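Novice: Dropping a structure here in structure tokens format, bear with me for questions.
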Amino acid sequence: MDVKEQEILGSDIGKHWYYVSKGRALRAMLGDTRVDEVVDVGAGSGVFSRQLIEAGICDRATCVDPAYASDSTELHDGHRLSFVRSIEDRPLDLVLMMDVLEHVEDDIQLLKQYTKSLSRDGQVVVTVPAFQFLWSGHDVFLEHHRRYTRSMLSDVIEAADLQEVRSRYFFGLLFPVAAAVRLAAARKLRSGAVEPRSSLRKYGATTNKVLTLIHDLERKLLFPANVLAGLTLFCVARRRR
């Protein structure tokens, strides 16, 4: 997750429809996966690790982010939640890289760095923003380097010596509206007439609930087979066998 968006949403981030919906899609991608520990790379506040602990998918979580001021540990629902600036080389069963790869120039090397120690049955879940033609002030504000298609991310997965298990687009219901808005704003962005900023913002309780329910419906009906379009791309991968 992006620290800048954490600053925008503050302590309400765990209740925001976007992070609630994305977390539920994450759990859908994981299916019946159960592990002792999840390692959450670029975790920020650890919103997704907290969700996995609450869902019983992991017993403990380690959030890794070099931006942390210092290492610390707390309890979440009675389970250990650690925040560290780096992690030692050891077997890992589940690695999360939620909206991380787009922030670095060498996405393959970063993916290799955190998946080289995957256990034999270990998995990595990657999410990235989808489709370069949707590039907007949102991407500029968050300091992205690129957006991805399924084939682009598959190439990165393969180059990192991993094997793709499955990939799906999410936020497909928002795709037509977001595409229209972003394409209309593209010329203004190039000319400097639009100030780059995140498209995420706080909403009232009713709007937040409605948007969550809409994406619950998408997750159940569209997400399992959506290989065509969406704002976010999910991928589950494992060690090459």
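Novice: Along Cα→Cβ, 7 Å out, is where each label goes; now give me the distance between the ones at Y203 and Q163 in nm to one decimal.
Specialist: 4.0 nm
Novice: I want to check a number: in segment 3-239, how many lysine pairs have alpha carbons closer than 28 Å, given a sequence separation of 8 or more or different chains?
Specialist: Taking segment 3-239 as the scope, the lysine pair count is 17.
Novice: Connecting C-alpha atoms closer than 10 Å in a GNM of the chain, tell me which of G78, G42, G14 has the biggest fluctuation.
Specialist: Result for the chain, Cα springs under 10 Å: G78 fluctuates most.
Novice: From largest to smallest, what semi-axes in whole angstrom does segment 97-241 give when each is the square root of 5 times an eigenvalue of its alpha carbon gyration tensor?
Specialist: Values: eigenvalues 156, 81, 35 Å².
Taking √(5λ) for each eigenvalue gives 28, 20, 13 Å, largest first.
Novice: So if I place +1 on the C-beta of Lys and Arg and -1 on the C-beta of Asp and Glu, and nothing else carries charge, what would the dipole magnitude of the chain be about its Cα centre? I want it in debye, nearest 20. Numbers along the way, then the final one.
Specialist: Values: 33 positive and 32 negative charges, 181 e Å.
The calculated dipole for the chain is roughly 880 debye.
Novice: Find the percent of Cα-Cα distances in segment 135-178 that exceed 13 Å, and round it to a whole number.
Specialist: Working: 638 of 946 pairs.
Of all Cα-Cα pairs in segment 135-178, 67 percent lie more than 13 Å apart.
Novice: Among L174, L96, L153, which one shows the highest mean-square fluctuation when the chain is modelled as a Gaussian network with alpha-carbon springs under 10 Å?
Specialist: Maximum among the listed residues: L174.
Novice: On to the next question. Viscosity 1.306 mPa s, temperature 10 °C: Stokes-Einstein D of segment 1-158 from its Kirkwood Cα radius, in µm² per second? List each step's numbers first, then the result.
Specialist: Details: Rh = 16.1 Å.
For the chosen part, D equals 98 µm²/s.
Just so you know, all these numbers are worked out from the coordinates, no wet-lab data involved. Keep in mind that what you see is a predicted model, and the values were worked out from it rather than measured. Please note: Cβ atoms are built from the backbone with ideal geometry, for glycine as well, and neighbour counts cover all protein chains shown.
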